[in-house]
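Accompanying notes for the structure given below.
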Amino acid sequence: MTFEQGVFYFLAAFTVFSAVMMILQRNPVNSALFLILNFFCLGGLYLTLNAQFIAMVHIMVYAGAIMVLFLFVIMLLNLGDDKSLRQHLGLRMYLGIAFSVGLLLEMVYILGFSSANNYTQQSPAAVEMGTVEYIGKVLFTKFLFPFEITSFLLLAAIIGAVILAKKKLVQ
């Protein structure tokens, strides 16, 4: 086992641990903090797979912006009353448990037979696909037109939001 594989397995185990702890927490703020830890572990996993751009975007978007929104919503809702959050074991809970067990069995089956079929090999082109250079090259050559259309749509949305905000301030 190489050093990279050791780091990958450590981060994968820590990701699973933080996901389980996020689910088991009774306090929603602690659950959100474990989710942030999970996002950082996933970013580390992307780095071990040579996907630097995806790792940085993942950390900036999810751990930065989305989690700030989650924490604001949790604080605004003031979820201090645990009685309203409890659920009784009903049909949905039993279906969720059944689907979870099915997913676990499927993952064990896939991992058990992947070493026999040797699916763990990466193609040589996969090493450079997640880098910033490759994404920039593809974005500004093959996908230039959709990229520019998206920028114009975002610009129109910003202008519309400013116009709507100014109208509300004037009234």
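The values are calculated or read from the model by the stated rules, or taken from the named source; none is laboratory data. Since the structure is predicted, the reported quantities are computational estimates derived from the model, not experimental observations. With ideal geometry, Cβ positions are generated from the backbone for all residues, glycine too; neighbour counts draw on all protein chains shown.
Of note:
- Long-range neighbours under 9 Å by Cβ, at least six apart or interchain, first residue of a type in the set (D, E, K, R) within the range 23-40, second at pLDDT below 90: ARG26/ASP82; ARG26/LEU85
- Selection within the range 101-136 - over 24 Å from the mean Cα position of the chain (by Cα), among the polar types (S, T, N, Q) and modelled with pLDDT under 70: SER114, SER115, ASN117, ASN118, GLN121
- Considering (1) under 30 Å from ILE135 (Cα atoms); (2) among the small types (Gly, Ala, Ser); (3) at pLDDT below 85, the lone condition that GLY80 does not fulfil carries the number (1).
- Pair list, Cβ < 7 Å and 6+ apart or interchain, from the range 1-19 residues that are among the polar types (S, T, N, Q) to residues that are buried (at least 16 other Cβ atoms within 10 Å of the Cβ): THR15/ASN38; THR15/CYS41; THR15/LEU42; THR15/LEU45; SER18/PHE34; SER18/LEU37; SER18/ASN38; SER18/CYS41
- The residues of the range 1-45 that are within 20 Å of PRO124 (Cα to Cα) and part of a helix (DSSP H, G or I), listed by number, are PHE3, GLU4, GLN5, PHE8, LEU45.
For every residue, the table says whether it meets (1) outside any helix (DSSP H, G or I); (2) among the basic types (Lys, Arg); (3) modelled with pLDDT of 80 or more.
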{"position": "LEU47", "(1), (2), (3)": "no, no, yes"}
{"position": "VAL57", "(1), (2), (3)": "no, no, yes"}
{"position": "LEU71", "(1), (2), (3)": "no, no, no"}
{"position": "HIS88", "(1), (2), (3)": "yes, no, no"}
{"position": "LEU95", "(1), (2), (3)": "no, no, yes"}
